[in-house]
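Remarks on the structure that follows.
The values are calculated or read from the model by the stated rules, or taken from the named source; none is laboratory data. Please read all numbers here as calculations on a predicted model, not as lab measurements. All Cβ positions, even for glycine, are placed from backbone atoms using ideal geometry, and neighbour counts span all protein chains on display.
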Amino acid sequence: MATQHSKTAARLMISPAVILLFLWMIVPLSMTLYFSFLRYNLLMPGMESFTGWDNYYYFLTDPAFAAALTNTLLLVGGVLLITIVGGTALALLLDQPMWGQGIVRILVIAPFFIMPTVSALVWKNMFMNPVNGMFAHIARALGMQPFDFLAHAPLASIIGIVAWQWLPFATLILLTALQSLDREQMEAAEMDGASPVARFVYITLPHLTRAITVVVLIQTIFLLGVFAEILVTTNGGPGTASTNITYLVYAQSLLNYDVGGGSAGGIVAVILANIVAIFLMRMIGKNLDA
Amino acid sequence: MSRRITARRTLIVTLAAWTVGFLIFFPILWTVLISFKSEGDAIKAPFAMLMSDWTFASYEQVQTRSNYSRHFMNSVVISLGSTLVALAIAIPAAWAMAFVPGKRTKDVLMWMLSTKMMPAVGVLIPLYLLFRDLGLLDTRTGLVIVLTLINLPIVIWMLYTYFKEIPGEILEAARMDGATLRSEILYILTPMAVPGIASTLLLNVILAWNEAFWTLQLTTSRAAPLTQFIASYSSPEGLFYAKLSAASTMAIAPILILGWFSQKQLVRGLTFGAVK
């Protein structure tokens, strides 16, 4: 159907987007790659020199990297676990007939629209603060010692905050998927005497597999880059207790002015993200065919 | 009998769901409540806090002391600006790919998506240095450029999935009935495309409004949007709970309302059409 003429027009219409994204992807990334092989400190301009793999060696052998990698994995894994399990439970609950379902949906989805700096600071001050926070007030009312969450369990606290932000996303997507479940199949299983647990394991869960995969992959992309929540609550501390890779690269480059080391870290982060991205792209590509 | 069981079940489900919904929403509600208290009352125990007098003082202070409205305008300009620029680039591209698909259309789409997977820290330094040398640090223009580029893949994808659903046969039928190209675009295509474009706009404004990596890295004061403004409360002086709450309430209210309108599109937009 498409004529040669319309094809040329189509190409013209696509090219601005393609050119812009190509430049956006290739120019800064090749600069990062180039910097990562330089000894380059912002405090000593004009002293740049080639150092080969040194920056990578220092970045990867720094104990902070091992800590940051562990923290990144714990953060991503912890939030995924909470949001998937919680989201599935919540979606199953919200899928039941009830009064005021629309309003409950609105309440549940709300945290997703809160900007990261707001939700982190609200949790840090109004809830987790060991003197004036609500948890401290409750602890004292029960005769217990208030717990300083961000000082003694910084990573767990950040996991909690981030999970609160992402639980709505998982719930909403799983709920959307649940609503496309074949009701007749469910009723047939019920009449054949399948227990609620069996129905969940053999009908609901397989139906949700695709949605869960999508949630896992998309959240992973965003969770690898968690930054604002750490910046405004703990600054990565105490020590490196709540530093993730993103924060480590930021600290190395813009707090220590070490462009070379920061760039090497940036490239490491890109490689890690790509491993995840490959799975995600395959997944979405398959759905495109379907 | 079964009807009574159903009613009881509905009641239990309703109670459970409302409780969970309330708990999840509670931090937001609490923030709004604290914003109407004085600083001294804001740090009291929950019950005493609730019982204390209500006041608008914090809202006034946030505006007069830190020029809230300027940061609000920065957020509006940056999120709306980047969305409109992205739409201007994306609408032709998505249109062409949906209606004149070539052999490589799918590859192009997948490649565009892959640019979204690049972690921001991977390009932090070059972008920071480029912005410094070009004088774009702490400018709205700079942020509009960056946010346009990071959201462009999502915008193109969302529009593509919407345009894809407009059946080509309708256009052909209109043509057969003697519709001119002008009336075809005006009366048939536009009405079908506008809802998709509107929800893309909505979702993208939300994403840009809440973006908190580049807005924190590339601005300090002049062009600082609300994300950066709120972050300045991470190391405050003196009592600040009420002011923080007032600033937060004003920062999240507009987007919360927009967000509630865009629930359905959210699923579609953020899963790139994989879950509908």
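Name the one entry in A:Thr220, A:Thr246, A:Thr240 that is buried (at least 23 other Cβ atoms within 10 Å of the Cβ) and under 30 Å from A:Leu121 (Cα atoms).
So the residue among A:Thr220, A:Thr246, A:Thr240 that is buried (at least 23 other Cβ atoms within 10 Å of the Cβ) and under 30 Å from A:Leu121 (Cα atoms) is A:Thr246.
Just to be sure I understand the filter: pairs with C-beta atoms under 9 Å, separated by 6 or more residues or on different chains, first member in segment B:10-31 and part of a helix (DSSP H, G or I), second member of a type in the set (D, E, K, R). Which pairs pass?
B:Gly21/A:Arg105
Can you name every residue in segment A:81-104 that is more than 8 Å from chain B (Cβ to nearest Cβ) and either buried (at least 22 other Cβ atoms within 10 Å of the Cβ) or touching a strand residue (DSSP E or B) at 6+ places or on another chain (Cβ under 6 Å) (or both)?
Within segment A:81-104, A:Thr83, A:Gly87, A:Thr88, A:Ala91 qualify.
Pick out the one residue from A:Leu107, A:Leu174 that is touching a Gly at 6+ places or on another chain (Cβ under 7 Å), more than 7 Å from every other protein chain (Cβ to nearest Cβ) and either among the β-branched types (Val, Ile, Thr) or surrounded by 13 or more Cβ atoms within 10 Å (Cβ to Cβ) (or both).
Going through A:Leu107, A:Leu174 in turn, just one is touching a Gly at 6+ places or on another chain (Cβ under 7 Å), more than 7 Å from every other protein chain (Cβ to nearest Cβ) and either among the β-branched types (Val, Ile, Thr) or surrounded by 13 or more Cβ atoms within 10 Å (Cβ to Cβ) (or both): A:Leu174.
Looking for whichever is more than 30 Å from B:Asp41 (Cα to Cα), within 13 Å of another protein chain (Cβ to nearest Cβ) and among the small types (Gly, Ala, Ser) here; the options are A:Ala211, A:Ala188, A:Ala198. Which one fits?
Only one candidate qualifies: A:Ala211.
Among the helices (runs of 4 or more DSSP H) lying completely within segment B:73-192, list those that include at least 2 residues that are surrounded by fewer than 15 Cβ atoms within 10 Å (Cβ to Cβ) and more than 14 Å from chain A (Cβ to nearest Cβ).
By residue number, B:168-176.
Are any residues in segment A:113-133 more than 7 Å from chain B (Cβ to nearest Cβ) and within 18 Å of A:Phe169 (Cα to Cα), and if so, which ones? Even if it seems obvious, please write down each step before you answer.
The first filter runs over segment A:113-133 and keeps only residues more than 7 Å from chain B (Cβ to nearest Cβ), leaving A:119-120, A:124, A:128-131, A:133.
Within segment A:113-133, A:Ser119, A:Ala120 qualify.
Condition first: under 17 Å from B:Gln63 (Cβ atoms) and either assigned to a loop (DSSP other than H, G, I, E, B) or over 16 Å from the mean Cα position of the chain (by Cα) (or both). Now tell me which residues in segment B:209-227 satisfy that.
Taking segment B:209-227 and keeping what is under 17 Å from B:Gln63 (Cβ atoms), we get B:221, B:224-226.
Of everything in segment B:209-227, those that are under 17 Å from B:Gln63 (Cβ atoms) and either assigned to a loop (DSSP other than H, G, I, E, B) or over 16 Å from the mean Cα position of the chain (by Cα) (or both) turn out to be B:Ser221, B:Ala224, B:Pro225.
Condition check: at the interface with chain A (Cβ under 9 Å from one of its Cβ atoms) and either surrounded by fewer than 16 Cβ atoms within 10 Å (Cβ to Cβ) or not in a helix (DSSP H, G or I) (or both). Does B:Lys37 satisfy that?
Values: at the interface with chain A (Cβ under 9 Å from one of its Cβ atoms): no; either surrounded by fewer than 16 Cβ atoms within 10 Å (Cβ to Cβ) or not in a helix (DSSP H, G or I) (or both): yes.
No: the conditions fail for B:Lys37.
Against the condition touching a residue at least 60 places away in the same chain (Cβ under 8 Å) and either over 19 Å from the mean Cα position of the chain (by Cα) or assigned to a loop (DSSP other than H, G, I, E, B) (or both), how does A:Ala151 come out, does it pass?
yes
Can we say B:Trp209 is closer than 30 Å to A:Met281 by Cα, modelled with pLDDT under 90 and buried (at least 21 other Cβ atoms within 10 Å of the Cβ)? Can you show your working first?
Working: closer than 30 Å to A:Met281 by Cα: yes; modelled with pLDDT under 90: no; buried (at least 21 other Cβ atoms within 10 Å of the Cβ): yes.
No, not satisfied.
Please verify whether B:Ile28 is surrounded by 20 or more Cβ atoms within 10 Å (Cβ to Cβ) and at pLDDT below 85, treating the condition exactly as stated.
So B:Ile28 does not fit the description; no.
Look through segment A:248-290, keep the residues that are at pLDDT 90 or above, touching a Phe, Trp or Tyr at 6+ places or on another chain (Cβ under 6 Å) and within 9 Å of chain B (Cβ to nearest Cβ), and return whichever of them is nearest to A:Phe149 (Cα to Cα).
Looking at residues that are at pLDDT 90 or above, touching a Phe, Trp or Tyr at 6+ places or on another chain (Cβ under 6 Å) and within 9 Å of chain B (Cβ to nearest Cβ), I get A:Gly265.
Hey, can you tell me all the residues within segment B:40-60 that are within 14 Å of chain A (Cβ to nearest Cβ), assigned to a helix (DSSP H, G or I) and either touching a residue at least 12 places away in the same chain (Cβ under 8 Å) or among the small types (Gly, Ala, Ser) (or both)?
B:Gly40, B:Asp41, B:Ala42, B:Ala48, B:Met49, B:Leu50, B:Ser58
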